[in-house]
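Shown next, in structure tokens, is the structure this report addresses.
The values are calculated or read from the model by the stated rules, or taken from the named source; none is laboratory data. As the structure is a prediction and not an experimental result, all values here were calculated from the model. Because the Cβ atoms are built from the backbone with ideal geometry, glycine has one as well, and the counts that use them run over all protein chains shown. Surface accessibility is based on the protein's heavy atoms, side chains included, excluding ligands, DNA and RNA. Shrake-Rupley method; radii C 1.70, N 1.55, O 1.52, S 1.80 Å.
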Amino acid sequence: QVHLVESGGGWVQAGDSLRLSCAASGRTFSNYNMAWFRQAPGKEREFVATISRSGASTAYADSVKGRFTISRDNAENTVYLQMNSLNPEDSAVYYCAADDAEYLNPDSKKYDYWGQGTQVTVSS
């Protein structure tokens, strides 16, 4: 079992930045690929970014590429999402997730463990 707790969400204005954190506990953090997903009201959960076990490989949704950066600190059992140039379309509940597959995966159905989410609201 992997327990995930997100933090760092909040209310910001368009153009601002936020950094989300996701602290993991339980099984060995470095055994899992990690990802961020988000879900806005009335919409399906969507992929944002993912990072490999070592942190050497990452992948992003086109909508956030160049603005968001995913990273991890295996010594601290934490994954981060640095979000720059935020716009109102980024408003959503952001979730981190863990997956023990061998490859990076943008499909939320493949992820075994999820946090409770943190709200990000961007005003125009």
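Of all residue pairs spaced 6 or more apart or on separate chains, those with beta-carbon atoms under 6 Å, a first member in the stretch 48-61 that is in contact (Cβ under 8 Å) with a residue 12 or more places away in the chain and a second member that is open to solvent by 20 Å² or more (accessible area, probe 1.4 Å) and of a type in the set (K, R) are I51/R72; G55/R72. Within the stretch 104-113, restricting attention to residues that are within 19 Å of A61 (Cα to Cα) and touching a residue at least 60 places away in the same chain (Cβ under 8 Å), which residue is surrounded by the fewest Cβ atoms within 10 Å (Cβ to Cβ)? So, considering only residues that are within 19 Å of A61 (Cα to Cα) and touching a residue at least 60 places away in the same chain (Cβ under 8 Å), the one surrounded by the fewest Cβ atoms within 10 Å (Cβ to Cβ) is D107. Note on the stretch 44-72: residues that are within 14 Å of G8 (Cβ to Cβ) and of a type outside the set (A, V, I, L, M, F, W, C) total 2.
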